[in-house]
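Read through the structure below, which is laid out as structure tokens, and then see the notes.
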Amino acid sequence: MKADKVQFKELIPKYDYFLFDCDGVMWQGNHLMPYAIDCIKTLQGLGKTLAFISNNSSCSRVHAAEKFAKFGFESITPADVYFTSYVTAKYIRRKYPWMKKVYLIGGQGFADELAEFGVESVQTHTESADGVYDTSEFADMKVDGEIDAVVVGWDTSVDYQKLCYAGVLLQMGKHFIASNPDIYDPMPYGIAPGTGPTLITLTTITGKEPEIIGKPYPNQVNTFMEDKGIEEKEKRRILVIGDRLDTDIALGRNASIDAALVLTGISKMEDVEKAEKNVPKYILESLKV
């Protein structure tokens, strides 16, 4: 399959639903990407349905909408946001309606989304008296037996004690659910660990594989379609736009929707030329309309 290099304006008449990745497409760190606001304004003016999908699990939909507003985007509401914090929480409520409490390795925004669906998240436990967690304290660890699952997202404060607590719960047979499998996250200085290394550690010590919700798996698209009442036959009118072959374009393939790669982020033209399965339908230099 060969990708077509096109301008964004050529795609507008072909689709009714546009799903945008955020980092590398809408913004890069604290910097707004060129043409992003004009692109969104144009689509909004034409009555297109927009959504913003990200493997980011650290903020709630409300906080994500506030971030869009700070960048200067207009009329983007929490209902337009499909970050993994929301999608994972909704997935848990839909698939495991009996779940009441989870152990969360993740941020407050993730906890807020779980709470919206009636799921209590436990994020703290007994601290070591001297600040150093040793093997004797691990042997005496008491866990909350009412916890139904270990849920993992991006957590900048993940430490040995959290891994021990989560590992014990998983060895007790609790469910294992993850917001996304990303090994790394791009930063201005290079790359930093994502959620993936935490998952690998827990899988290595327990032998349990997580249920992964975010990209490249199709749950964000499925949730978007469910929320908006979009029928299966309308999938041909959905386009996902992202900057990574391994997440955004793979999402398109796994969800059976068309995908466009914009060359403003991680994946470049040479990556497309070497790709064997995650090949975009379209290639965009930018979001210029």
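The values are calculated or read from the model by the stated rules, or taken from the named source; none is laboratory data. Quick caveat, the model's predicted, so the values are computed rather than measured. When we count neighbours, we look across all protein chains shown, and the Cβ atoms used for this are built from the backbone with ideal geometry, even at glycine. To get the accessible areas, we keep the full protein, side chains included, count just its heavy atoms, and leave off ligands, DNA and RNA. Shrake-Rupley method; radii C 1.70, N 1.55, O 1.52, S 1.80 Å.
Here region 83-214 was treated as a single set of alpha-carbon atoms; its pair distances binned every 5 Å from 0 give 2, 10, 21, 23, 21, 13, 7, 3, 0 percent.
Quotient of the Cα radius of gyration of region 1-59 and 2.2 N^0.38 Å, N being its number of residues: 1.24.
Ignoring ligands, DNA and RNA, how do Met172, Met187, Met99 rank by accessible area with a 1.4 Å probe, largest first?
Values: Met172 95, Met187 60, Met99 0 Å².
The ordering from most to least exposed comes out as Met172, Met187, Met99.
Using the C-alpha atoms of region 181-251, what convex hull volume per residue, in cubic angstrom, is computed? Given the Cα convex hull of region 181-251, per-residue volume reads 116 Å³.
Report the FRET efficiency, 1/(1 + (r/R0)^6), for Val62 and Met187, where r is their Cβ-Cβ distance and R0 is 22 Å, rounded to 0.05. Could you put the intermediate results ahead of the total?
Working: r = 25 Å, r/R0 = 1.12.
Once rounded, the FRET efficiency stands at 0.35.
What the Cα atoms of region 1-111 give is an Rg and a Dmax of 16.2, 48 Å. Using a Gaussian network model of the chain in which every pair of alpha carbons under 10 angstrom is joined by a spring, one finds that among Arg236, Arg61, Arg244 the greatest mean-square fluctuation is at Arg236.
Rank Tyr17, Tyr184, Tyr217 by mean-square fluctuation in a GNM of the chain with C-alpha springs under 10 angstrom and give only the top-ranked residue. Result: Tyr184 has the largest fluctuation of those listed. For region 1-112, the relative contact order works out to 25 percent when only alpha carbon pairs closer than 8 Å and six or more residues apart are counted. An ellipsoid equivalent to the chain, defined through the eigenvalues of its Cα gyration tensor, has semi-axes of 36, 19, 18 Å when rounded to whole angstrom and sorted largest first. Computed per residue of the chain from DSSP H runs no shorter than four, each worth -39500 (n - 2.57), the mean residue ellipticity at 222 nm is -9500 deg cm²/dmol. Between the helical axis of 61-71 and the longest alpha-carbon principal axis of the chain there is an angle of about 50 degrees.
Each of Asp4, Asp227, Asp140 has its accessible area taken with a 1.4 Å probe; listed largest first, they run Asp140, Asp4, Asp227. For Lys41, the lysines whose Cα comes closer than 18 Å to its Cα, not counting residues fewer than 8 places off in the same chain, are Lys9, Lys14, Lys67, Lys70, Lys288. The angle separating the long axis of helix 160-171 from the principal Cα axis of greatest extent in the chain is about 90 degrees. Seen against the Cα atoms of the chain and their longest principal axis, helix 196-206 is set at about 40 degrees. Beyond 20 Å, the tail of the calculated P(r) for region 154-289 holds 57 percent of the Cα pairs. Annotation: lysines with alpha-carbon distance below 26 angstrom to Lys208 (same-chain offsets under eight excluded): Lys90, Lys95, Lys100, Lys101, Lys142, Lys162, Lys174.
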